[in-house]
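In what follows, a single structure is set out as structure tokens and then discussed.
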Amino acid sequence: MIPVPGYEGRRVAVFGLGRSGITAARALKAGGAIPVLWDDGVSGRLQAQAEGFVVEDLTTADWSGFAALVLSPGAPLTHPKPHWTVDKAREAGVPVVGDIELFARALDALPQGRRPKVVAITGTNGKSTTTALIGWVLQQAGLTVYVGGNIGIGVLALPEPTPGAVYVIEVSSYQLDLTTRFAPDVAILTNVSPDHLDRHGGMEGYVAAKRRIFQAQGPEAVALVGVDEEWGQGIVRDLASRVLTISSAHPGESRDPVLSSGHDAGDQRAAASHPPERPQDWVPAFAGMSGIEVRSTSIESDGAILADLSAARSLPGRHNAQNAAFAYAAARALGVSHEAAVKGLLTFPGLAHRMEAVGHIGPVRFINDSKATNADAARQALSSYPKVFWIAGGKPKDGGIDDLTDLFPRVAKAYLIGEAAQAFASTLGDTPHVISKTMDAAVAAAAADAQAAAGDQIVLLSPACASFDQFPDFEARGEAFRAAVLALGATPETAR
């Protein structure tokens, strides 16, 4: 646990007693604060009482006595409307913070020589794989590494800082909205596409939340930014930190040199992209490098191959090559050698529910991409294979799968589940599909059709939907897929 100083002997309101909330309460208490906890659910309050915390109804509390409100990322800060605790905090002049901000303040309180390095990752898609991949590469290089945040362990539940350690932290837009001092040594924005717009009041608010990962960085910090979308391109233009861009290299495409280069292009746009205060002579690992370009099986810079990923079994597809590019650049920025960084990429074992090969029946392989909770994430999976038997559906998001029509020729047949089934069926049109309703039925039907087809085949779960209609989270959905596959007699992938 990381004790949070600065609130010694003071009352701090904590609302929302899920993983981040209860962990924040423990860290505050360890730092000498008096956390006062509340949750709308009885079970959370009972757990807090069992641990000896003060549990007090914040609807009737005296807010003038609180030093801060620690808000769960699940409670809205601004949209669709502020949570009632936020209104009360603002009326009383009480600052509203989250667990990432408490983590930042805990590190700020350390003497300079004891401060660890921090790598922070955000983005609409790919952030969990990138986080895990960076952690793996750094660990294989011999560094002391702690991985957490929005993935796995809550950030304040990670071990106390030690000199030379590196924290690799996944941060969501909800968490970033609650930060002011968070200043990672390496900050990464993988990509931006529409998501969680109801919580941010639209795309502008969502992008602004993502951009906050760079807000407190100093001129010696490193920003790694994906620039395949216009939002990433716009962010690059006004950063003062050391910037390296990551872009996809498509055959025949000519990219804007301003966006893929760290050098002055000699025109007004280059001047806008590279403000005078931005460092130009920076991390030795990137000397002379104009940016990193991603191809389907390699990452390159200025035409030179940095890493051939064709042997990296756990990193299929261009989107995983992009994740690898961010991991490579982050490792190099922290002093890891080129050879060690590449070796780490090639030995990465993969992450559950993210393009995870769970088993096979003869030439039919079953891929669990349950983490694909929106159409853009599903696009990455569908683009990785020439033909798939596709299991999709769940609780739909705005736009459904309308943006995936160009990939429908890759769909041998679709098997639709959950609330989105009927709407997805309409969008698929003439593309072969069936409404399976449940995961078990979808897996059984897809497996039978794939086995009847000739040659190697892929059964892909990539839902393009949230899971909350039939499952508590995407992990439970992925495990249901795995169980259904194994129930058919599939050989687990690890046994191959």
query: Measuring from label point to label point, each 7 Å out along Cα→Cβ, what is the ALA483 to GLU204 span in nm?
result: 4.6
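How big is the Kirkwood radius of the stretch 82-154, worked out from every pair of different alpha carbons and given in Å to one decimal?
Over the stretch 82-154, the inverse of the mean reciprocal pair distance is 14.9 Å.
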message: Keeping all protein chains in the complex and leaving out DNA, RNA and ligands, what accessible area do you get for VAL14 with a 1.4 Å probe, in Å² to the nearest 10?
response: 0
query: Between ILE305 and ALA425, what FRET efficiency comes out of the Förster formula 1/(1 + (r/R0)^6) with R0 = 56 Å and r the beta carbon distance, rounded to 0.05?
result: 0.80
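So if I average 1/r over every pair of distinct C-alpha atoms in the chain and take the inverse, what Kirkwood radius in Å does that give? Each step should come with its number before you reach the end.
Numbers: mean 1/r = 0.0420 Å⁻¹.
Hydrodynamic radius (Kirkwood, Cα only) of the chain equals 23.8 Å.
How large is the helix-only mean residue ellipticity at 222 nm for the chain, computed as the sum of -39500 (n - 2.57) over DSSP H runs with n ≥ 4, divided by its residue count, in deg cm²/dmol to the nearest 500?
Values: 17 runs with 157 residues, N = 496.
Here the helix-only value at 222 nm equals -9000 deg cm²/dmol.
Please report the carbon-and-sulfur percent of the accessible area for the chain; probe 1.4 Å, protein heavy atoms only, DNA, RNA and ligands left out.
Working: 10070 of 19520 Å².
In the chain, the share of accessible area belonging to carbon and sulfur is 52 percent.
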- request: Would you mind calculating the relative contact order of the stretch 290-329 from Cα pairs under 8 angstrom and at least 6 residues apart, reporting the percent as a whole number?
  value: 37
field: Mean projected area (nm²) of the alpha-carbon convex hull when the stretch 1-104 is viewed from all directions
entry: 6.0
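If I require 15 Å or longer along the helix axis, counting alpha carbons, and a Kyte-Doolittle average no lower than -0.5, what helices from the chain are left? Use full DSSP H segments. Could you put the intermediate results ahead of the total?
Details: long enough: 19-30 (17 Å, 0.06); 127-140 (19 Å, 0.21); 317-333 (24 Å, -0.42); 439-452 (20 Å, 0.84); 474-487 (20 Å, 0.44).
Span-like helices here: 19-30, 127-140, 317-333, 439-452, 474-487.
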query: Once the whole set of protein chains is in place, how much accessible area is left on ILE151, using a 1.4 Å probe, in Å² to the nearest 10?
result: 30
- request: Quick one: order TYR174, TYR385 from most to least accessible surface, probe 1.4 Å.
  value: TYR174, TYR385
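Using a 1.4 angstrom probe, figure out how much accessible area the chain has per residue, in square angstrom, rounded to the nearest whole.
39
Using alpha-carbon pairs under 8 Å, 6+ residues apart, how would you state the relative contact order of the chain in percent? Before the final figure, lay out each step's value.
Details: 1089 pairs, mean separation 51.9, N = 496.
Once normalised by length, the contact order is 10 percent.
With contacts defined as alpha carbon pairs under 8 Å and 6 or more residues apart, what's the relative contact order of the stretch 387-426 in percent? Could you put the intermediate results ahead of the total?
Numbers: 50 pairs, mean separation 23.3, N = 40.
Taking the mean separation of contacting Cα pairs over the length of the stretch 387-426, I get 58 percent.
Between LYS437 and SER64, what is the FRET efficiency for a Förster distance of 51 Å, r being their Cβ-Cβ separation, to the nearest 0.05?
Working: r = 54 Å, r/R0 = 1.05.
Calculated transfer efficiency: 0.45.
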- request: Determine which lysines satisfy two conditions relative to LYS395: a Cα distance under 21 Å, and not lying fewer than 8 residues away in the same chain.
  value: LYS371, LYS413, LYS437
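Considering only DSSP states other than H, G, I, E and B, which trypsin sites (Lys or Arg not before Pro) in the stretch 102-171 qualify as loop sites with at most 15 other Cβ atoms within 10 Å?
Numbers: sites: ARG105, ARG114, LYS117, LYS127; in loops: none.
Hits after loop and neighbour filter: nothing returned.
The values are calculated or read from the model by the stated rules, or taken from the named source; none is laboratory data. The shown structure was predicted, so the numbers you read here are calculated from the model rather than taken from an experiment. Note that each Cβ is placed from the backbone with ideal geometry, even for glycine, and that neighbours are counted across all protein chains shown. Note: areas computed on protein heavy atoms with side chains; ligands, DNA, RNA excluded. Shrake-Rupley method; radii C 1.70, N 1.55, O 1.52, S 1.80 Å.
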